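Participant: One structure is given below, represented as structure tokens, and several questions about it will come after.
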Amino acid sequence: MTNLKLLEQEISDRLNQAADVKAVEEIKIAYLGRKGMIACLFQELKSLPSSEKPEAGKLLNALKIQAEELFQKKLTTIGSSEKLDSDFDETLPGAQYETGRLHPITLVIREITSIFTQLGFEIVDGREVETEFYNFTALNIPLDHPSRDSFDTFYLNQGCLLRSQTSTVQIREMQKRKPPLRILAPGRVYRPDAVDASHSFMFHQIEGLWVDDRATFSDLKGILHLFLRKLFGKDVQMRFRPHFFPFTEPSVEVDVKWKKGWLELLGAGQVDPAVFSAVGYDTKKVQGFAFGLGVERIAMLKYGVNDIRLFFENGLRFLKQF
Ligand code: DAH
């Protein structure tokens, strides 16, 4: 019995001197391992007279449990002090992760599309690489029209081009489905313009198209007025100015009153029968109107941005404001 007490003391002393986990593990193996001191003592039990066995066994078991507890305690204290000793300084401020946000152009596109979806328009997607047929021919744009010139359109190989307008989506959607339809197509367009404060070789447009057996010019006016009121407030003033587009007849440019003058905001008109013919619609049975607007221009007005390049330079000081 005295020996066992001494043994317990010995374990405890050695543990007190152990400085790290490795040292503790070594001591643990020496005493509690399969061939350790305590296992040997259990072996020796067998040679005791049977009258002494039960009492000695009980004491030995108690020692084993006591030793296991000592090791466990030591490991826990070493574990937490090792953490404190490392380079980690929990008093320093945490790493700051900045939250992302939507680009102002995305914000404007979302605002506009949500107004039109409330009016029953379906949002559709088009292609940025197109053919002359979709960008010009089907839209009734004659072969000698200046917009077909390579100064005004980026031509790619094999009769392809980068679309210069989202009006292409009118053709793609009408080819796909039967009337009636009400679609809105936001997306990028490309033009080889010299870049300056108001021009970019890439910008965004939103195209709208409404086709039904009856979709009149006054419907167009009502829809656009409603849209502009939702976008700029109920006091917005709008005017229709006669214009020409090959794919609409009659065509207008739509201006809004801005500060002291009028500002051109979008093009629109009644779909030209030649466009319906190009997609195989019966010109006697359908009527429709279309419109196309430039997103950057509206974003510039809305947010008071005076240089279109700011939208595409990815400057965080600019983008963080939205
Ligand atoms: N596609 C024209 C442009 O890029 C804008 C436009 C004008 C679209 C009249 C239309 C429209 O749908 O009816 O300048």
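Nothing in this text is a laboratory measurement; each read-out follows from the coordinates by a stated rule. A quick note: this is a predicted structure, and the numbers were derived from the prediction, not measured. All Cβ positions, even for glycine, are placed from backbone atoms using ideal geometry, and neighbour counts span all protein chains on display.
Participant: Expressed as a rounded percentage, what relative contact order does the chain have, with Cα pairs under 8 Å and six or more residues apart?
Facilitator: 15
Participant: Give the value in nm², to one decimal: projected area of the alpha carbon convex hull of segment 2-87, averaged over all directions.
Facilitator: Values: hull surface 22.9 nm².
Its average projected convex-hull area is 5.7 nm².
Participant: Highest GNM mean-square fluctuation, the chain, Cα pairs closer than 10 Å: which of L162, L301, L41?
Facilitator: L41
Participant: Using the Cβ atoms and a cut-off under 12 Å, what net charge is assigned to the surroundings of P273, where Lys and Arg are +1 and Asp and Glu are -1?
Facilitator: -1
Participant: Follow-up. With all distinct Cα pairs included, what does the Kirkwood hydrodynamic radius of segment 104-319 come out to in Å, to one decimal, could you say?
Facilitator: Kirkwood hydrodynamic radius for segment 104-319: 17.8 Å.
Participant: Using a simple spin-label model with points 7 Å from Cα along the Cα→Cβ vector, what separation in nm is obtained for V195 and S50?
Facilitator: That separation, rounded to one decimal, is 9.9 nm.
Participant: Please build a GNM for the chain, connecting alpha carbons under 10 Å apart, and tell me which residue among I11, I206, I183 fluctuates the most.
Facilitator: Highest fluctuation among the options: I11.
Participant: Here's something else I'd like to know. Specify the residue with the greatest mean-square fluctuation among A23, A299, A138, computed from a Gaussian network of the chain linking alpha-carbon atoms under 10 Å apart.
Facilitator: A23
Participant: Moving on to the next point. Leaving out same-chain residues fewer than 8 places away, which lysines sit with a Cα under 26 Å from that of K257?
Facilitator: K221, K230, K234, K302
Participant: How would you rank 245-251, 120-126, 291-297, highest first, on the average number of other Cβ atoms within 10 Å across their residues?
Facilitator: My ranking of the peptides, most packed first, is 291-297, 245-251, 120-126.
Participant: Further, regarding this structure: Restricting to DSSP H runs of at least four residues, report the calculated mean residue ellipticity at 222 nm for the chain, -39500 (n - 2.57) per run over all residues, nearest 500 deg cm²/dmol.
Facilitator: Rounded to the nearest 500, the figure is -13000 deg cm²/dmol.
Participant: If you don't mind, another one. For segment 203-322, report the % of Cα-Cα distances exceeding 26 Å.
Facilitator: Values: 2235 of 7140 pairs.
Distances greater than 26 Å cover 31 percent of the Cα pairs.
Participant: Follow-up question, since we're still on this one. Could you name the lysines whose alpha carbon sits less than 26 Å from that of K73, not counting residues in the same chain fewer than 8 places away?
Facilitator: K5, K22, K28, K35, K58, K64, K83
Participant: Kindly rank 170-179, 29-38, 93-102 from highest to lowest mean number of other beta carbons found within 10 Å of each residue.
Facilitator: 170-179, 29-38, 93-102
Participant: Would you list, by chain and number, the lysines whose Cα falls below 21 Å from the Cα of K176, excluding same-chain residues fewer than 8 positions away?
Facilitator: Within reach: K284, K285.
Participant: Further, regarding this structure: Which translational diffusion coefficient, to the nearest whole µm²/s, is obtained for segment 124-236 from the Stokes-Einstein equation, given a Kirkwood hydrodynamic radius over C-alpha pairs, 10 °C and 1.306 mPa s?
Facilitator: Numbers: Rh = 15.7 Å.
Once the numbers are plugged in, D ends up at 101 µm²/s.
Participant: Follow-up. Length gain on complete extension for the stretch N61 to K285, per 0.36 nm per residue less the alpha carbon to alpha carbon distance?
Facilitator: So the extension gain works out to 70.7 nm.
Participant: Same structure, new question: When the Cα centres of segment 89-151 and segment 2-67 are compared, how far apart do they sit, in Å?
Facilitator: 77
Participant: Right, something else. What order do you get for 47-53, 313-319, 65-71 when each peptide is scored by the mean count of other beta carbon atoms within 10 Å, highest first?
Facilitator: 65-71, 313-319, 47-53
Participant: Suppose we keep just the DSSP beta bridges with both residues in the chain; what percent of those would be antiparallel, to 5? Before the final figure, lay out each step's value.
Facilitator: Values: 44 of 46 bridges.
Bridges in the chain are about 95 percent antiparallel.
Participant: Cα gyration tensor of segment 74-151, axes a ≥ b ≥ c as square roots of the eigenvalues: rounded (a/c below 1.5), prolate (a/b > b/c) or oblate?
Facilitator: Taking the square roots of the gyration eigenvalues as a ≥ b ≥ c, segment 74-151 is prolate.
Participant: Report the paramagnetic label zone for N306: residues of segment 189-216 whose backbone N is under 20 Å from a point 7 Å from Cα along the Cα-to-Cβ axis.
Facilitator: Counting backbone N atoms under 20 Å from the label point, the list is 195-200.
Participant: Contour minus end-to-end for R241 and D149, with contour as 0.36 nm per residue of separation and end-to-end as the Cα-Cα distance? Display every interim value, and only then the final one.
Facilitator: Details: separation 92, 0.36 × 92 = 33.12 nm, distance 2.64 nm.
Computed gain between R241 and D149 is 30.5 nm.
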